[in-house]
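The values are calculated or read from the model by the stated rules, or taken from the named source; none is laboratory data. All of these numbers come straight from a predicted model, not from anything done at the bench. Virtual Cβ from ideal backbone geometry, glycine too; neighbours counted across all protein chains shown. The area values use the complete protein model at the heavy-atom level, side chains included, leaving out ligands, DNA and RNA. Shrake-Rupley method; radii C 1.70, N 1.55, O 1.52, S 1.80 Å.
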Amino acid sequence: MSLTFHWFLPTNGDSRHVVGGGHGTPATASGRDRPPTVAYLSQIARAAEDLGFVGALTPTGAWCEDAWLTTAMVSQNTERLKFLVAFRPGFVSPTLAAQMASTFQRQTGGRLLLNVVTGGESHEQRAYGDFLDKDDRYRRTGEFLEIVRQLWDGKTVDVTGEHLRVEDAKLARLPDPVPEVYFGGSSPIAGEIAAKYVDVYLTWGEPPAQVAEKIAWIRGLAAKEGRTIRFGIRLHVITRDTSAEAWAEANRLLEGFDPETVQSVQAGLARSESEGQQRMLALHGGSRDGLEIHPNLWAGIGLVRGGAGTALVGSHEEVAERIKEYAALGIEEFVLSGYPHLEEAYWFGEGVLPRLAAEGVWQHPVGERRAAAAQVPFAG
């Protein structure tokens with residue numbers, strides 16, 4: 001089995017400092033250092049593609065650019081990279097979403113992956129005209145995925161659900177291939193939806209023992225539905241030639257956290273309805289002390305950023321070992337990022353991936369063709 005690695009497109013802006021925001025909090029001023037232009041995001045995407053990442057996640061929310069539009073444009077400047085498009089099912093009809101996914105597949109040669117985000121913050125949802133509470137949003141997500149999957153199967157769909165209703169819905173052209181659905185959530189109802197509908201369950205970067213508990217939980221629920229699910233993890237990375245260099249970079253980022261910004265972000269995130277976000281907050285408790293919560297797992301990012309708040313920090317060898325530790329639990333896909341995203345893609349892609357390849361747990365998506373091309377002598 002070859003592990004799968006995805007990178008991240010910072011459609012909220014990029015910087016040599018951490019760009020905070022998310023989960024109802026605005027992007028921090030550092031996001032203006034490198035604006036998320038199509039040109040810059042395409043530069044990151046092409047680097048990720050060359051290094052061997054399979055896809056790139058784009059976030060969703062008021063703090064960033066729209067994921068559908070941005071990835072559609074960036075896709076035209078890449079050849080192989082897939083796009084893990086985050087979207088909220090309450091903001092668009094299931095029939096239109098199924099059609100959009102089908103169009104995306106045809107226009108990109110099948111390079112769409114879907115990250116379904118139910119939405120954990122009611123105040124942000126209301127800004128978009130969605131006034132359901134959290135549990136109802138999850139129930140609507142289940143209805144949404146049921147309709148979309150039937151449409152992708154070529155069926156004519158008539159559904160009158162608790163939250164969604166369609167009549168005589170049918171796609172004129174089906175997606176090929178059908179996009180895989182990624183999904184995360186730590187509440188009981190999120191687990192139920194994942195078990196029934198998703199291909200890959202994503203968890204944020206908690207310590208291995210907690211990740212193992214989540215995997216066992218979702219596996220058990222999926223088994224009751226007669227299904228098997230793959231598992232992925234969302235992490236940041238700070239990897240360098242030596243452990244000391246990596247931790248020096250982590251400390252540099254930490255020193256750049258303005259105390260007032262930390263206090264403001266933590267106050268905002270404390271109101272989050274997301275159980276996953278509360279689990280992230282519990283890892284650091286808003287304190288700058290004791291941020292290494294497991295060997296090479298650093299919770300500092302979560303002081304100023306909502307959502308994924310932990311990073312693998314260490315030498316290339318140490319980071320590779322932590323990846324293998326998660327893989328041993330059942331994690332097959334890693335969705336990674338780092339500040340700035342262009343440079344960190346190279347640190348990881350040239351430092352960690354070759355070590356994993358040498359141990360037989362990863363191979364470049366284009367395999368021998370890329371290796372052969374690299375050996376062609378320059379004839380200039």
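I need the full set of residues from segment 51-100 which are under 27 Å from Ala357 (Cβ atoms) and in a helix (DSSP H, G or I), in order please.
Initially, segment 51-100 is screened for residues under 27 Å from Ala357 (Cβ atoms), giving 51-58, 74-75, 77-84.
Result: Leu51, Val74, Ser75, Asn77.
May I ask you to list pairs of residues, at least six apart or on different chains, whose Cβ atoms are under 9 Å apart, with the first in segment 164-185 being in contact (Cβ under 8 Å) with a residue 12 or more places away in the chain and the second being of a type in the set (Ser, Thr, Tyr) and open to solvent by 100 Å² or more (accessible area, probe 1.4 Å)?
From residues that are in contact (Cβ under 8 Å) with a residue 12 or more places away in the chain, the pairs are Val166/Thr160.
Within segment 126-133, identify whether any single residue is in contact with a Ser or Thr (Cβ under 9 Å, 6 or more places away or on another chain) and modelled with pLDDT of 95 or more, and answer yes or no.
Filtering segment 126-133 for residues in contact with a Ser or Thr (Cβ under 9 Å, 6 or more places away or on another chain) gives 130-133.
Subsequent filtering for residues that are modelled with pLDDT of 95 or more retains none.
No, every residue in segment 126-133 fails to be in contact with a Ser or Thr (Cβ under 9 Å, 6 or more places away or on another chain) and modelled with pLDDT of 95 or more.
What is the number of the single condition among (1) within 24 Å of Leu303 (Cβ to Cβ); (2) assigned to a helix (DSSP H, G or I); (3) aliphatic (A, V, I, L, M) that Ala190 does not meet?
For Ala190, the failing item is (1).
I need the full set of residues from segment 9-44 which are open to solvent by 10 Å² or more (accessible area, probe 1.4 Å), of a type outside the set (D, E, K, R) and either in a strand (DSSP E or B) or without any contact (Cβ under 8 Å) to a residue 12 or more places away in the chain (or both), in order please.
Listed by number, the residues that qualify are Thr25, Ala29, Thr37, Ala39.
Tell me which of these Ala299 doesn't satisfy, since it passes every other one: (1) over 14 Å from Pro207 (Cα atoms); (2) touching a helix residue (DSSP H, G or I) at 6+ places or on another chain (Cβ under 8 Å); (3) of a type in the set (A, V, I, L, M, F, W, C).
For Ala299, the failing item is (1).
Would you check if Pro94 is of a type outside the set (Val, Ile, Thr), more than 20 Å from Ala45 (Cα to Cα) and modelled with pLDDT of 95 or more?
yes
Of the conditions (1) buried (at least 23 other Cβ atoms within 10 Å of the Cβ); (2) under 14 Å from Thr310 (Cβ atoms), Pro208 fails just one. Which one is it?
Just one mismatch for Pro208, condition (1).
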